[in-house]
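These notes are about the structure you will find just below.
Here, each number is a calculation from the coordinates, and none is a lab measurement. Remember, predicted model here, so these are calculated numbers, not experimental data. Every residue, glycine among them, receives a Cβ derived from its backbone with ideal geometry; neighbour counts consider all protein chains shown.
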Amino acid sequence: MIREPLTVHGAAQLQRELDELKSVQRPRVIAAIAEARAHGDLKENAEYHAAKDQQGFIEGRISEIEDRLGRAEIIDPARLTAGGTVVFGATVKLVNVDSDAEVTYQIVGVDEADIKQGLLSFRAPLARAMIGRAVGDYALVPAPGGEQTYEILAVDYR
């Protein structure tokens, strides 16, 4: 079994989604299927087919989340002592050497990545270039417009 890193926050989000699917969405769709069955002929019953499709989606997502949580290696960034180096869970402040644009990203698991919120997947080229580096180091990142150079300004483990 391949373990996948996940932050405490990411694991909590997945658990909330799983709880919602199991306690709210699943019973709702089961009730919709029962109601649609009561209407008679299932061959031409659009409500029934739509509810069955929704049930398939919900059950698939439940299975996917349970698998992800079962394989998760949950990492609490607040407990990290990496000596100032960039590791999974760290929040990193960078500056693009060419444009002087400053950005801050937290390196997170694949499921919790959201670039608009500053959450960068550990598999992203920028994250891979930063991991193992420390404040003052440079990270060279291949990009469609050419290689980008970032300087690491700060590393935080909150």
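Dipole size of the range 77-156 about its Cα centre, with +1 on Lys/Arg Cβ and -1 on Asp/Glu Cβ: approximately 260 debye, rounded to the nearest 20.
Over its Cα atoms, what ratio of radius of gyration to 2.2 N^0.38 Å does the range 1-79 give?
Values: Rg = 17.1 Å, N = 79, 2.2 N^0.38 = 11.6 Å.
Against the empirical 2.2 N^0.38 Å value, I get 1.48 for the range 1-79.
Taken over the range 78-121, the ratio of Cα radius of gyration to 2.2 N^0.38 Å equals 1.24.
For the chain, the longest principal axis of the Cα atoms and the long axis of helix 46-71 meet at an angle of about 40 degrees. Could you check how many percent of all C-alpha pairs in the range 38-112 are farther apart than 17 Å? Everything past 17 Å amounts to 68 percent. The mean sequence separation of alpha-carbon pairs under 8 Å and at least six residues apart, normalised by the residue count of the chain, gives a relative contact order of 24 percent.
For the range 146-154, backbone phi angles converted through the Karplus equation (6.51, -1.76, 1.60; θ = phi - 60°) give residue-by-residue couplings of x, 5, 10, 10, 10, 9, 7, 8, 7 Hz, Gly and Pro being listed as x.
Largest GNM mean-square fluctuation among I33, I75, I65, using the chain with Cα springs under 10 Å: I33.
With loop defined by DSSP as not H, G, I, E or B, and exposure as at most 14 other Cβ atoms within 10 Å, which is the longest segment of the chain clear of exposed GluC sites (Glu not before Pro)?
Numbers: sites that count: E44, E147.
Looking at the chain, 45-146 is the longest stretch - no exposed GluC sites (Glu not before Pro) with at most 14 other Cβ atoms within 10 Å.
Qualifying trypsin sites (Lys or Arg not before Pro) in the range 1-90, where qualification requires a DSSP coil assignment and no more than 13 other C-beta atoms within 10 Å, comprise R3, K43. Running a GNM on the chain with Cα contacts under 10 Å, which residue among D98, D76, D137 ends up with the highest mean-square fluctuation? For the chain, modelled as a Gaussian network with Cα springs under 10 Å, the answer is D98. Of all the options L69, L42, L80, the one that moves most in a Gaussian network model of the chain with Cα springs shorter than 10 angstrom is L42. Put a plus charge on the Cβ of each Lys and Arg, a minus charge on the Cβ of each Asp and Glu, and nothing anywhere else: the dipole of the range 1-81 about its Cα centre is then about 160 debye.
Where Lys and Arg each count +1 and Asp and Glu each count -1, what net charge lies around A51 among other residues with Cβ under 10 Å from its Cβ? Present the calculation step by step, with values, prior to reporting the outcome.
On the way: positive: R28, R37, K52; negative: E35, E47, D53.
Counting the neighbours of A51, the net charge comes to 0.
Mean separation of Cα pairs under 8 Å and 6+ residues apart, divided by the residue count of the range 4-75: what relative contact order is that in percent?
Numbers: 53 pairs, mean separation 40.0, N = 72.
Rounded, it is 56 percent for the range 4-75.
At q = 0.22 Å⁻¹ the log10 of I(q)/I(0) for the range 77-156 amounts to -1.01, computed by Debye summation with a single uniform scatterer per C-alpha, solvent ignored. Amide H contacts for T7 (H built 1.01 Å from N in the peptide plane; partners 5 or more residues away or on another chain; cut-off under 5 Å): I75, G109. Against the main long axis of the alpha-carbon atoms of the chain, helix 26-38 sits at an angle near 30°. Only Lys, Arg, Asp and Glu carry charge here, each on its Cβ (+1 for the first two, -1 for the last two); on that basis the chain has a dipole of about 360 debye about its Cα centre. The trypsin sites (Lys or Arg not before Pro) of the range 92-151 meeting both criteria, a DSSP state outside H, G, I, E and B (loop) and at most 16 other C-beta atoms within 10 angstrom of the site's C-beta, are R123.
Can you give the convex hull volume of the alpha carbon atoms of the range 1-140 per residue, in Å³? Before the final figure, lay out the partial values.
Numbers: hull volume 20.5 nm³, N = 140.
Taking the convex hull of the Cα positions in the range 1-140, it is 147 Å³ per residue.
Do the sum for the chain: with -39,500 (n - 2.57) for every DSSP H run of n ≥ 4, divided by all residues, what is the mean residue ellipticity at 222 nm, to the nearest 500 deg cm²/dmol?
Numbers: 4 runs with 58 residues, N = 158.
Rounded to the nearest 500, the figure is -12000 deg cm²/dmol.
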